[in-house]
Amino acid sequence: MSRFFSLFLLSLALFAPTLRAAVVSGTIKDASGSLTPHATIEISGANLSAPLTIDADAQGHFASPDLKPGSYTVKVTAAGFQPNTVTLDLSDGNRTLAISLQIATLVQELTVEGKVSAHANSDPLYRQLREIGLGSAFQIRDFELKYDVGSFHFAQGTLTFLSPVKGAVTGAIFVGQGRFTLKPAQPIEQREMLRRAHGEQVDEEFSSVVFRYSGDLNRHFLGVAKEKAQDPADESAFSQWQEKVRRHRETPLGFSEFMLNGAEMDNADAEILSSLYNPVGEHSLFEAYIHGAKRKDLRFFVRTRGGAIPGLGSPEEVGLVNFDPEGMDDGIWYLSHLQSEYAAGIATSHQERRFVAARKFKVETVLGGNDHLTSVTTVTFEPLLAGERVVHFQLLPTLRFKPRIGRGRQRVVLPAGEPQSRRIILRYLA
């Protein structure tokens with residue numbers, strides 16, 4: 001009986017199918033062929049009750065524990081890359097995989113200058129500001145507008161408002177005869193003005209002025225805008241202004257061009273956009289681009305949000321620039337705090353002019369075999385102004401980005417109704 005039972009067991013062993021464990025192993029690389037370290041591999045399928053998760057090592061290699069024969073799905077994920085999923089059958093034994101990952105696409109919509117990518121200028125309000133046209137026109141005479149230390153006297157001419165955006169008028173163009181004066185109130189600024197303008201004050205006759213502003217400045221103009229003009233101002237004054245402020249030269253010819261049209265290039269439309277999305281009363285914007293008889297491009301700025309000249313990183317809110325890159329008098333002629341701050345005794349160089357504060361940076365890079373540097377940058381920031389939605393950041397001009405989103409200063413338009421603390425993830429190929 002014992003011999004018979006042994007022979008029975010032996011026959012079962014000889015004729016039963018062979019069930020062997022199998023292993024999935026492989027290497028993770030990027031599109032350039034370089035190894036991708038510390039990727040996450042998730043294996044599911046066959047008779048696994050739950051997905052099996054393993055991590056690749058520093059060289060991009062991985063190997064699973066023993067798996068039963070069957071059909072499996074292998075999903076690979078890594079920071080900065082698009083997931084890649086493959087299916088395989090382990091019925092024939094071990095499998096070795098070579099999995100390639102592609103750079104992930106941008107995860108936060110960007111609003112930037114220029115039509116350089118599918119993401120550029122996609123915000124609807126920003127598009128309206130960039131393509132804004134002329135609205136109603138009025139004849140005005142003998143009217144004076146004072147703004148801090150600057151004063152505009154309009155002798156006679158045509159004032160044409162820009163078309164409203166989100167129900168707000170954000171600018172006007174004056175063409176006619178007028179005079180701009182600026183007399184500093186502080187002794188140190190008076191001495192600088194004497195050196196710059198060869199007099200105690202700026203006194204400039206002008207033939208046209210382009211105004212951009214936020215808030216309720218319109219009420220000052222509407223008080224005298226009674227007589228409708230038969231013809232609006234010549235559109236050339238506004239189109240010439242647009243061409244000037246949007247022009248970028250790789251090698252600036254002077255200091256003012258470096259500050260206003262260089263890597264820290266100013267963007268009046270983006271500043272107006274910020275005020276439309278976050279109309280905080282104490283954060284006002286007033287810009288006047290003056291075409292004078294002697295000085296062809298004087299720029300008077302009053303900005304309580306970010307300072308008069310953001311590229312300087314200086315807290316002063318009021319500035320006057322003589323934009324003459326090829327002239328001897330090019331440069332900043334006036335830079336000071338608001339007169340209301342001096343009167344109240346609160347003018348200080350320690351004022352906070354930032355919109356957001358970066359709290360955490362994380363940069364992950366992989367050097368590929370083809371000399372490409374793949375980098376994923378994660379920035380965690382906190383808005384310093386309640387309701388702030390337009391965030392500025394700077395891209396290094398020597399890097400090539402994928403997707404191509406331009407150079408220099410960029411802007412992210414944040415969704416409405418989000419919490420105060422936000423994360424922006426920028427992914428680029430350099």
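Straight-line cross-link reach from Lys226 at under 17 Å between alpha-carbon atoms covers these aspartates and glutamates, not counting any fewer than eight positions away in the same chain: Asp142, Glu144. State whether region 137-344 is rounded, prolate or oblate according to the following rule on the C-alpha gyration tensor (a ≥ b ≥ c being the square roots of its eigenvalues): a/c under 1.5 gives rounded; otherwise a/b larger than b/c gives prolate, and the remaining case gives oblate. Cα axes put region 137-344 in the rounded bin.
The mean sequence distance of close C-alpha pairs (under 8 Å, at least 6 residues apart), as a share of the length of region 137-344, puts its relative contact order at 18 percent.
Between Gln82 and Ser122, what FRET efficiency comes out of the Förster formula 1/(1 + (r/R0)^6) with R0 = 25 Å and r the beta carbon distance, rounded to 0.05?
0.70
As a proxy for reagent exposure, Asp142, Asp89 were ordered by neighbouring Cβ count within 10 angstrom, fewest first; the result is Asp142, Asp89. Extending 7 Å from the Cα toward the beta-carbon at both Leu253 and Asp55 defines two label points whose distance is 5.7 nm. Gain on full extension, evaluated as 0.36 nm per residue between Gln186 and Asp329 minus their Cα-Cα distance, stands at 49.3 nm.
Work through the residues other than Ala56 whose Cβ is under 14 Å from its Cβ and net out their charges, Lys, Arg +1 and Asp, Glu -1.
-2
Amide H contacts for Ala229 (H built 1.01 Å from N in the peptide plane; partners 5 or more residues away or on another chain; cut-off under 5 Å): Ala137, Phe138, Gln139. Rounded to the nearest whole Hz, the Karplus-based 3J(HN,Hα) values (6.51 cos²θ - 1.76 cosθ + 1.60, θ = phi - 60°) of region 68-76 follow the sequence 6, x, x, 9, 10, 10, 10, 10, 10, with x at glycine and proline.
Straight Cα distances below 21 angstrom link Lys29 to the lysines Lys75, Lys402, with same-chain residues fewer than 8 positions distant left out.
Work out how much length Arg359 to Thr73 would gain on full extension: take 0.36 nm times their residue separation and subtract the Cα-Cα distance, in nm to one decimal.
99.1 nm
Residue-wise HN-Hα couplings along region 193-200, as the Karplus relation 6.51 cos²θ - 1.76 cosθ + 1.60 with θ = phi - 60° gives them from phi, are 5, 4, 5, 7, 9, 6, x, 6 Hz; Gly and Pro carry x. When each of Glu235, Glu388 is scored by the number of other beta-carbon atoms lying within 10 Å, the sequence from fewest to most is Glu235, Glu388.
Taking Lys244 as the anchor, which lysines have their alpha carbon closer than 21 Å to its alpha carbon, excluding any fewer than eight residues away along the same chain? Within the straight-line limit of under 21 Å, Lys244 reaches these lysines: Lys115, Lys294, Lys296. Evaluating 6.51 cos²θ - 1.76 cosθ + 1.60 at θ = phi - 60° for every residue in region 294-310, the Karplus couplings come out as 9, 10, 6, 8, 8, 10, 10, 10, 10, 9, 8, 9, x, x, 4, 10, x Hz, glycine and proline recorded as x. By the count of neighbouring beta-carbon atoms within 10 Å, fewest first, Asp123, Asp297, Asp329 end up ordered Asp329, Asp297, Asp123.
Residue separation of Tyr342 and Leu384 scaled by 0.36 nm, minus their Cα-Cα distance, works out to 12.7 nm of gained length.
Each reported figure results from applying straightforward, stated rules to the coordinates on display, with no laboratory input. Everything numeric in this text was worked out from a predicted model, so none of it was measured. No Cβ is skipped: glycine too gets one built from the backbone with ideal geometry, and neighbour counts run over all protein chains shown.
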